[in-house]
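Notes to accompany the following structure.
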Amino acid sequence: MPSTLENGLLSGKHWHTRIKVIASRIIWAKFRRRVGPSRADPLVPWTIRVTPMTHFRQSGQRDPRRRRVLADLVLGRAPGADRPDGAWGRSNVESRSKNYGEATFLDEQLRLTDLIPRRIGVYAYLFLAGAAVVAGLLALHGSAPRLAATMGERAVAAFDLGGNGTLAAWFSSTLLLLSAIGCVLVYTIRRHKKNDYQGHYRVWLWAAWCWLLLSIDRTAGLHEGFSGMMIWLTGTPLHGDGSAWWMIGYFFLLGGIGTRLALDMREYRVSLALFVAVGACHAAAIAARLGWVGPIDPARAVLLAEGARLVGNLLLLLAVGLHARHVLLDAEGLLPEVEDQDPEEEPDDEEEEYEYDEDEVADEEAVLFGHQVPVRPPRGVRKRTASRAAAEKKPAASPSDAFTAGMEAAENRVGRKLTKDEKKALRRRLEKQRLDRERRSA
């Protein structure tokens, strides 16, 4: 559509202006067929496109372009990098998903390591809450006989500590499952440690599988099936009702993995102490189950065994969680650096005093100035001459005196003064020979 100014020019009485406008339109029409449409008419500089001020900042063709450039900047892409070739004047906003658009919220989602609490107070609250739950379960188990008299046996079956499908079994299984997840979190961080060339970090993956097996066993009772299978294979219960079979299996399994896990946790003493306490609690539970703690009531023996097992599983979760926190802070560089220094080896600020032998000086002179080097027998079988005995009686010469004597002897042989490079070479060779001698003697 012609603009207002063009209509005025066409309606005027200047015939030469009309001819210019008509010619420019013909040229522009031919050019547009070859190149394509454009935003402005560069061949008609005197045509002015008038835009009313009322349409300013209203939605137009450039609004999608602005939104697209803004989205590219947010996502870190170059503006217009994915724009199709030949798209003149068309800028449609391309989204990642039809329903969620660019889905920029995915960049703000929590990482897996963000599940590890960083504050010590969180672990203290966790321990207090777990201890309260353990105390409540023990109290319910102790009051189960009184409640059974009024409510019936089936109503209080969930309060039994030693059975499967009870509250105690669910709580213990949950603690073991969370411990397995914590081991996986430690594994995802520990496997990136630079100086772990032997791959000791894999023990955390084995520990995760072990705690997962114990979690399933606590609810499904897999150890009873294992004991029955061993009794059927061997024909003997080994001890009592055959519980010794699964105890032996768990001893070798948990003993091997637990020992290796304790060695990996030794860099953080708090988690190591808690892990040792876990082993003590489970040992006490096994001792109470086998009747090694003394003549006590069977009900109290069950209370002691299951209570020790619950406390041990709670301490296990704390140990794994605290070690995961330690490893995460170490990976982020938030732990204070500890320099490993040997107290016996102290750095000397002063230059060490070296002793030079005359034979070494002569050998170095021969090497430096092209003389023949006398071949001597090994140091251990060399005969002791009178001159060497006299030299041994004399006090050892200082490095400066020995080097000066060697330098003077070399200058007398060559008939000139040594250059700085020759002096440095002489000193380096003497130094290297002394270090080799000390290494062989060590």
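Values in this text are rule-based calculations from the coordinates and carry no lab data. Treat the numbers as computed from the prediction; the structure is a model and nothing was measured. A quick note on method: Cβ atoms are made from the backbone with ideal geometry, for glycine too, and the neighbour counts reach across all protein chains shown.
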Between the range 283-334 and the range 153-194, the Cα center-to-center distance that results, in Å: 12
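What full-extension length gain, to one decimal in nm, is calculated for LYS424 and LEU213 as 0.36 nm per residue of separation minus the Cα-Cα distance? List each step's numbers first, then the result.
Details: separation 211, 0.36 × 211 = 75.96 nm, distance 6.89 nm.
So the chain would gain 69.1 nm between LYS424 and LEU213.
Of the trypsin sites (Lys or Arg not before Pro) in the range 232-294, which ones lie in a loop per DSSP and count no more than 13 other C-beta atoms within 10 Å?
Numbers: sites: ARG260, ARG266, ARG269, ARG289; in loops: ARG266.
When the trypsin sites (Lys or Arg not before Pro) of the range 232-294 are filtered for loop state and at most 13 Cβ neighbours within 10 Å, ARG266 remain.
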Cβ-based exposure ranking for TRP245, TRP211, in which fewest neighbours within 10 Å come first: TRP245, TRP211
Zone of ALA277's modelled label, taken as backbone nitrogen in the range 129-149 under 17 Å from a point 7 Å along Cα→Cβ: 129-135
Difference of contour (0.36 nm per residue) and Cα-Cα distance, SER143 to VAL122: 4.4 nm
Pairwise FRET efficiency - GLU224 versus LEU115, Cβ, R0 = 35 Å, nearest 0.05: 0.55
